[in-house]
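Before any comments, here is the structure.
The values are calculated or read from the model by the stated rules, or taken from the named source; none is laboratory data. Fair warning: this is a prediction, and the values are worked out from it, not measured in the lab. When we count neighbours, we look across all protein chains shown, and the Cβ atoms used for this are built from the backbone with ideal geometry, even at glycine.
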Amino acid sequence: MEHKYRKSIVALVAVILLLTFQAVFGWVDAWAADASGAVASTGAEGGALNGLKSFWSFTGFANFDISNLVMIIVGLFFIFLAIKYDYEPLLLVPIGTGILLGNIPFVEGYNIGIYEEGSVMSYLYFGVKQGIYPPLIFLGIGAMTDFSSLISNPKLMLLGAAAQLGIFATFLGASAMGFTPQEAGAIGIIGGADGPTAIFLSAMLAPHLMGAIAIAAYSYMALVPVIQPPIIRLLIPKKERAIKMKPPRAVSKVEKILFPIIGLLLTLFIAPSALPLLGMLFFGNILKESGVTERLADTSRNALINIITILLGVTVGASTQANVFLTVDSLKIFGLGALSFMVATAGGLIFARVMNLFLKGNNKINPMIGASGVSAVPDSARVVQQEGLKYDTSNHLLMHAMAPNVSGVIGSAVGAGILLSFLM
Amino acid sequence: MTILEVNTQTWTITLVGWSVVFFALVVLIFVFNNVPKLLKMNFKKDKSKTEQELQTIITDNKYISGDETAAIAMAIHMFFEEQHDEESNVITIKRIQKRYSPWSSKIYGMRNFPN
């Protein structure tokens, strides 16, 4: 009995749906014809067939282009890298998904795409375009960074400065390849190995290249464990890779509080254009180290940075709409980006070896920590730690490597500020 | 004038830019090399006995070997990630109170021989 009833209910629903389709597609017809002229017939009399045609014209399949497929494959590859190999999953999953979102084909003019004024995605993208998200990310980084390894051994800051060679060498390279000074500056910052700084600077100097620059910066940051070890092995002899460093001295609370305050004042007086980035970085660190604003520090390093990472990742990913992204310039940017990462790593490593010429006894540093002068925190420090353990299982370099790593963040932000003041 | 097909202005930005990055960080190095000395100077004036004792304890225990640091870091990491040994997560012993029943009483389960 029950089965019989079920059958008749299904039949009834099917009839109702057919009738509704007829009415609805008539209405969609009118809308589509009015807006895009995709379907010729108008009015409710258009019927189901025209409705279906109109529906088809709005689907992604009808507007599909091979370039969209290429970008969708790139997005899927990012998600695969993040899940399978654990390469910066917090960045690559949102960016990869963003690439999928940005490359769904659609009919323009209905406030769907990220580049269409008034669309939801364009509102979310506003924070990237205007450089709002990067300083907020820096606030979170400041609130989670412990500068004590840097304070205990300040000379390691030089490695952070040396690795910024990547920025300026790429700036030169990009200029030689015919990019304008502004574009070259924005491309050069990829060598800073700092995603938020790259987005901030490209938003200011070359907004049209931002998608490519951001994707290049973040993908190379994720590939630090692949890019850096061969360069380390190439430039540092085996004997030097096993150097053990003196343990860092204990740092007092007063020193930890003074560091962000003095750092903020000094660096911003030298490069005021880096104010949004460095100001927020040191502000975050003051929240952490003061010890009296734990709630604010906690929000900055957890909830806030997570929200901003989601928004930043997904919108940067979505900004790679195939028709805007797949250009020869993007390919050049990817090439220059890879080169800048290698130059930056090499700069830090060579400078560390030079420093060793002037250091004596147990003050000598393990030159491998020069590689963490690029500011991919904490990935490059982790790479150095793993490389160190390969040659001596009791040689833990992580804490030592964190010093050039965090000074790399400061260095790349200062570098961005300088480029900004020269090129704006 | 162009060198390597890059004009002099670009070279200027490159050299000045990198030097300024170095300069900013060298200033920080200079300051932070001297901050501990400055702080020590202030403390010398009104250092109470207890503080002195504390200071000696801190300096005594200053050295932590790399292995110890790694062990502490691992322990903290495992604590925060709650990755302790694989357990069932049931760590309480449930006490079950049974009401008295003659069926579970030992005395009734034994044969009573007459004296």
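Out of A:I104, A:I95, A:I99, I need the residue that is more than 11 Å from chain B (Cβ to nearest Cβ), more than 21 Å from A:L277 (Cα to Cα) and surrounded by fewer than 18 Cβ atoms within 10 Å (Cβ to Cβ). Which one? Being more than 11 Å from chain B (Cβ to nearest Cβ), more than 21 Å from A:L277 (Cα to Cα) and surrounded by fewer than 18 Cβ atoms within 10 Å (Cβ to Cβ) holds for just one of A:I104, A:I95, A:I99, which is A:I104. A Cβ distance below 6 Å, combined with a sequence gap of six or more or placement on separate chains, defines the contacts here; from the stretch B:86-103, residues that are at pLDDT 65 or above reach residues that are surrounded by 10 or more Cβ atoms within 10 Å (Cβ to Cβ) in the pairs B:P102/B:Y108.
Identify all residues within the stretch A:64-73 that are over 12 Å from A:T97 (Cβ atoms) and in a helix (DSSP H, G or I); write none if there are none. Passing the criteria: A:I66, A:S67, A:N68, A:L69, A:V70, A:M71, A:I73. Name the helices (runs of 4 or more DSSP H) wholly within the stretch A:154-216 that hold at least 3 residues that are touching a residue at least 40 places away in the same chain (Cβ under 8 Å), more than 9 Å from every other protein chain (Cβ to nearest Cβ) and in contact with a strand residue (DSSP E or B) (Cβ under 7 Å, 6 or more places away or on another chain)? Those helices (runs of 4 or more DSSP H) do not exist here; none qualify. When A:V120, A:V226, A:V128 are checked against the criterion of being closer than 26 Å to A:S421 by Cβ and aliphatic (A, V, I, L, M), A:V128 stands alone in meeting it. Among the residues of the stretch A:254-294, the ones that are more than 10 Å from chain B (Cβ to nearest Cβ), buried (at least 17 other Cβ atoms within 10 Å of the Cβ) and within 27 Å of the chain's Cα centre (by Cα) come to 16 in all. Residues in the stretch B:38-45 include none that are surrounded by 15 or more Cβ atoms within 10 Å (Cβ to Cβ), of a type in the set (A, V, I, L, M) and at pLDDT 80 or above. Among the residues in the stretch A:318-330, are any closer than 24 Å to A:V374 by Cα and either surrounded by fewer than 21 Cβ atoms within 10 Å (Cβ to Cβ) or over 18 Å from the mean Cα position of the chain (by Cα) (or both)? Looking through the stretch A:318-330, at least one residue is closer than 24 Å to A:V374 by Cα and either surrounded by fewer than 21 Cβ atoms within 10 Å (Cβ to Cβ) or over 18 Å from the mean Cα position of the chain (by Cα) (or both). Of the helices (runs of 4 or more DSSP H) lying entirely inside the stretch A:316-418, the ones with 3 or more residues being farther than 30 Å from A:V70 by Cβ are found at A:328-358, A:379-391. Number of residues in the stretch A:165-189 that are within 17 Å of the chain's Cα centre (by Cα) and charged (D, E, K, R): the value is 0.
Taking the stated definitions as given, is A:L312 under 20 Å from A:A416 (Cα atoms), at pLDDT below 95 and within 14 Å of chain B (Cβ to nearest Cβ)? Answer is no for this residue. Inspect all residues belonging to the stretch A:130-148 and state whether any of them is part of a helix (DSSP H, G or I) and more than 23 Å from A:F200 (Cβ to Cβ). Yes; the residues of the stretch A:130-148 include at least one that is part of a helix (DSSP H, G or I) and more than 23 Å from A:F200 (Cβ to Cβ).
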